[in-house]
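Below: the structure, in structure tokens.
The values are calculated or read from the model by the stated rules, or taken from the named source; none is laboratory data. Worth saying up front: this structure is predicted, and the values here are computed from it rather than measured. So basically every Cβ, Gly included, is an ideal-geometry build from the backbone, and we count neighbours across all protein chains shown. Protein only, heavy atoms only, side chains kept; ligands, DNA and RNA dropped before computing areas. Shrake-Rupley method; radii C 1.70, N 1.55, O 1.52, S 1.80 Å.
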Amino acid sequence: MTPAAELLAALAAKGWTVAVAESLTGGLVAATIVEVPGASAALRGGVVAYATDIKRDVLGVDAGLLASAGAVDPEVARQMASGVRTLLGADVGIATTGVAGPGAQDGKPVGTVCIAVVTPDAAVSSTEIFSGDRAAVRAAATEAALRAALARL
């Protein structure tokens, strides 16, 4: 069973829904969930917040935090997950933000990825470092986000 299928099964067992806020993954997390038959029972939707102003204006990420920490920060990811959860009326919010390459961003090296999961019970965020090219970093971030959400359920 894939991580996305496992996540959907865990959500179904709780009667919960999920929403995704994505920056560097650009919709890949939501697309991976949608590949699983029956995903519509749990997936509310997603927001691709590639631009910093979308993180602020649509997802409600604190402008001061974005100005001081930049977009690649675990607290930014947590606020993205919380924001998409509220915006789309989901029980669980998942967020990814990071640097897929080819160059560094806000002083963070390529491969730096922040992932967050917010549920009714908890909010967790982490920073991971993945290696490889742009596609490899995005794929690794997607799998890590799904696994992080599964771990929270």
Item to check | Probe 1.4 Å, accessible area per residue of the chain, Å² | outcome: 43 Å²
Checklist entry - Using the Karplus equation 6.51 cos²θ - 1.76 cosθ + 1.60 (θ = phi - 60°), what ³J(HN,Hα) coupling, rounded to whole Hz, does each residue of segment 103-117 give in order, writing x for Gly and Pro? => result x, 5, 9, 6, x, 9, x, 4, x, 6, 9, 10, 10, 9, 9
Checklist entry - How much of the DSSP beta bridge set in the chain is antiparallel, as a percent to the nearest 5? => result 60 percent
Checklist entry - About the Cα centre of the chain, what is the dipole size in debye to 20, counting +1 per Lys and Arg Cβ and -1 per Asp and Glu Cβ, all else neutral? => result 140 debye
Next on the checklist: With a 1.4 Å probe and all protein chains left in place, how much of the accessible area of segment 1-86 comes from carbon and sulfur atoms, in whole percent?
Outcome noted: 54 percent
Checklist entry - By how many degrees, 0 to 90 and rounded to 10, does the Cα axis of helix 3-14 deviate from the longest principal axis of the chain? => result 50 degrees
Checklist entry - For the chain, what Kirkwood radius comes out of the mean inverse Cα-Cα distance, in Å? => result 14.8 Å
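With the cut-off at 1.5 for a/c, could you classify segment 62-147 from its C-alpha gyration tensor as rounded, prolate or oblate?
Oblate is the answer for segment 62-147, as a/c is 1.5 or above yet b/c matches or exceeds a/b.
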Checklist outcome for this item: With Cα coordinates, the longest principal axis of the chain makes an angle with the long axis of helix 74-87, in degrees rounded to 10, of 40 degrees
